[in-house]
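Structure record follows, encoded as structure tokens.
The values are calculated or read from the model by the stated rules, or taken from the named source; none is laboratory data. The model shown is predicted, which means the values in this text are computed figures rather than measured ones. So basically every Cβ, Gly included, is an ideal-geometry build from the backbone, and we count neighbours across all protein chains shown. For accessibility, only protein heavy atoms count, side chains too; no ligands or nucleic acids. Shrake-Rupley method; radii C 1.70, N 1.55, O 1.52, S 1.80 Å.
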Amino acid sequence: MEGNLPVIVAVDGSVDSERALRWGREAARLQAAPLHVVHVWPYATAERAAAGQAGGDPVLARLRDEWEAAEGEPDPVFRSIGGLPDSALPALGAEARMLVLGSRGRGGFASLLLGSNGLAVAGQAACPVVIVPRPDRGGGRRADGERLGLGTPQITLGVDAEEDEPGAIGFAFAEASRRGARLRVISGYTWPLLMPPAFEYLAAYEATQQEYEDALADQLTKVLDPYRRHHPEVEVEVELRGADAAGMLVDASLESDLVVVARHRRRLPLGRRLGSVAHAVLLHALCPIAVVPGQTTAATGEAEPGA
């Protein structure tokens, strides 16, 4: 059943993955969900992988020995899986409500802001993927890369006003409700409208920029209204500007505890792939980033408003 799906955290013994484990542990607590701690490594035997056992895995053995469960908190499931992370981790999305991992693993180049495994999982997994960056990324203000600790938490949601992105929107509202956070909704647009040369003779610029923005604002209101009614306890702030959406979200990440983006826009070809906004935010945001698949409510852990 969907309600029993775990939060899965990928670990590899690095400081980055331990930071992700702290974030995933809190997410599992907030959702009253099981927590699975998974290490993908090529030395896991077929027998151990089939049984989901951590025996003989030095990374999981250390974490299990150091684990101290809080009062009323169930012990996590430690799983050792054989294979390559960039293929095994995305497959885990089919059995998780959320996948959490650090921004880089043990084998990554120090200069990279996001490792190849993070890109692969965010682009392919069937569930929301949360990437927890390093606290020193871009001169961020966090002590540990997780919480600002500056009063009311803030979750920032990136939305395309011309598209319906129920996965990301539902996920962001649900997380804001669970965390007692305000929700900042950011939407950017391009002006003037870019038209192919063959259509320049059309009256593409008859509307003013303000008229175009007003029309987008109306559309954005219609998209968000069902979720606001479903979560009246969530304080919502909407910002719509003629600016680059990715840049706005990266700027907002400085004051946010989580940034939520849809994996891709519907106008892109079908298939699991990262859109340009999600890709840019993953590379540069200063707080944890959730990349959410588009249309399946099962992937968000949140029912459709009014369902």
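Among the residues of region 72-86, those that are assigned to a loop (DSSP other than H, G, I, E, B) and under 15 Å from ARG29 (Cα atoms) comprise GLY72, GLU73, PRO74, ASP75, PRO76. Against the criterion of being modelled with pLDDT under 70, of a type outside the set (D, E, K, R) and open to solvent by 10 Å² or more (accessible area, probe 1.4 Å), GLY188 does not qualify.
What are the pairs with Cβ atoms under 7 angstrom where one residue, in region 61-73, is closer than 14 Å to ARG22 by Cα and the other, located anywhere, is charged (D, E, K, R) and loosely packed, with under 14 Cβ neighbours inside 10 Å? Sequence gap at least six, or different chains. Note: pairs meeting the criteria are ALA69/ASP75. The residues in region 87-97 that are more than 14 Å from HIS36 (Cβ to Cβ) and assigned to a loop (DSSP other than H, G, I, E, B) can be counted, and the count is 0. For the structure I just gave you, tell me whether SER116 is over 21 Å from ARG25 (Cα atoms), open to solvent by 70 Å² or more (accessible area, probe 1.4 Å) and at pLDDT 85 or above. So SER116 does not fit the description; no. Pairing each residue of region 226-253 that is farther than 14 Å from ALA161 by Cβ with any residue that is among the basic types (Lys, Arg) and in a helix (DSSP H, G or I), provided the two are 6+ apart or on different chains, yields C-beta distances under 9 Å for VAL234/ARG228; VAL236/ARG228.
Set side by side, the residues GLY158, GLY105 differ, and just one is modelled with pLDDT under 90 and of a type outside the set (Val, Ile, Thr), which is GLY105.
Do the conditions hold for PRO226, that is, is it assigned to a helix (DSSP H, G or I) and either open to solvent by 40 Å² or more (accessible area, probe 1.4 Å) or over 16 Å from ILE155 (Cβ atoms) (or both)? Here the answer is yes, as PRO226 does meet what is asked. Of the numbered criteria (1) over 23 Å from the mean Cα position of the chain (by Cα); (2) open to solvent by 20 Å² or more (accessible area, probe 1.4 Å); (3) within 26 Å of HIS279 (Cα to Cα), the one ASP244 fails is (1). I'd like the residue in region 7-22 that is under 16 Å from the mean Cα position of the chain (by Cα) and surrounded by fewer than 23 Cβ atoms within 10 Å (Cβ to Cβ) and, out of all such residues, is modelled with the lowest pLDDT. Among those residues, the one meeting the criterion is ARG19.
Scanning region 253-275 for residues that are within 15 Å of the chain's Cα centre (by Cα) and either buried (at least 16 other Cβ atoms within 10 Å of the Cβ) or at pLDDT 75 or above (or both) gives SER253, SER256, ASP257, LEU258, VAL259, VAL260, VAL261, ALA262, ARG263, HIS264, LEU274, GLY275. Checking ALA69, ALA49, ALA44 one by one, the residue that is at pLDDT below 90 and assigned to a helix (DSSP H, G or I) is ALA49 and no other.
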